[in-house]
Amino acid sequence: MHPSDAQARDIREGSVVKVYNDRGAILAGVHLSEQILPGVVQMSTGAWYDPLDPKEERSLDKHGNPNVLTEDRGSSRLGQGCSAQSCWVEIARGERSCRRSLPLIRRSLLKFRRCRSPAAGRVARRRRGMRRLRQSPPLTV
């Protein structure tokens, strides 16, 4: 987001904002950049769809999936390609009451969980073996 647009909305770097249009609303983090044109925002794709209330049709998406805001239609039959994911949006600073009502991520979900698959064990053993080879003295003939 351009800094002048952020200043007009009282938004700071790293703020969590509500991005919305007539199709839906999402939460997103703000990064300010002079490289973005005023009046334009850019958002990377990658978050899973995670609505605040799954039973509600246009529930706020907590993880910022931009597909909530764009139209769900493909390109022409001739092209058979992707359509541009661009749309008109408005951005508003998050309200404190909204922030308090959002669920917190439990610390237990953030802990690293070790994979117990047999393949993971083979990879770990192979890495330990390579480490031993690197630590051994060089062979002389």
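The values are calculated or read from the model by the stated rules, or taken from the named source; none is laboratory data. Bear in mind that the values here come from a model prediction, so they are computed numbers and not experimental data. Methodologically, a virtual Cβ is constructed for each residue, glycine included, from the backbone with ideal geometry; neighbour enumeration extends over all protein chains shown.
For this structure, a couple of remarks:
Residues checked against (1) in contact with a helix residue (DSSP H, G or I) (Cβ under 8 Å, 6 or more places away or on another chain); (2) in a loop (DSSP other than H, G, I, E, B):
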site	(1), (2)
ARG12	yes, yes
VAL17	no, no
ALA28	no, no
LEU32	yes, yes
LEU37	no, yes
VAL41	yes, yes
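- Looking only at region 54-88, residues that are touching a Gly at 6+ places or on another chain (Cβ under 7 Å) and over 22 Å from VAL17 (Cβ atoms) come to 2 in all.
- Screening ALA25, ALA8, ALA84 for residues that are touching a residue at least 12 places away in the same chain (Cβ under 8 Å) and at negative phi leaves exactly one candidate, ALA25.
- Taking first residues from region 41-53 that are closer than 15 Å to ALA84 by Cα and partners that are surrounded by fewer than 16 Cβ atoms within 10 Å (Cβ to Cβ) and not charged (D, E, K, R), the Cβ contacts under 7 Å between residues at least 6 apart in sequence or on separate chains come to GLN42/ILE36.
- The set of residues in region 11-21 being without any contact (Cβ under 8 Å) to a residue 40 or more places away in the chain and surrounded by 11 or more Cβ atoms within 10 Å (Cβ to Cβ) consists of ARG12, GLU13.
- Checking each residue in region 32-50 for being modelled with pLDDT of 90 or more and either among the hydroxyl-bearing types (Ser, Thr, Tyr) or surrounded by 13 or more Cβ atoms within 10 Å (Cβ to Cβ) (or both) picks out LEU32, SER33, ILE36, VAL41.
- When the residues of region 57-95 are filtered to those that are among the acidic types (Asp, Glu) and at pLDDT 90 or above, the one that is surrounded by the most Cβ atoms within 10 Å (Cβ to Cβ) is ASP61.
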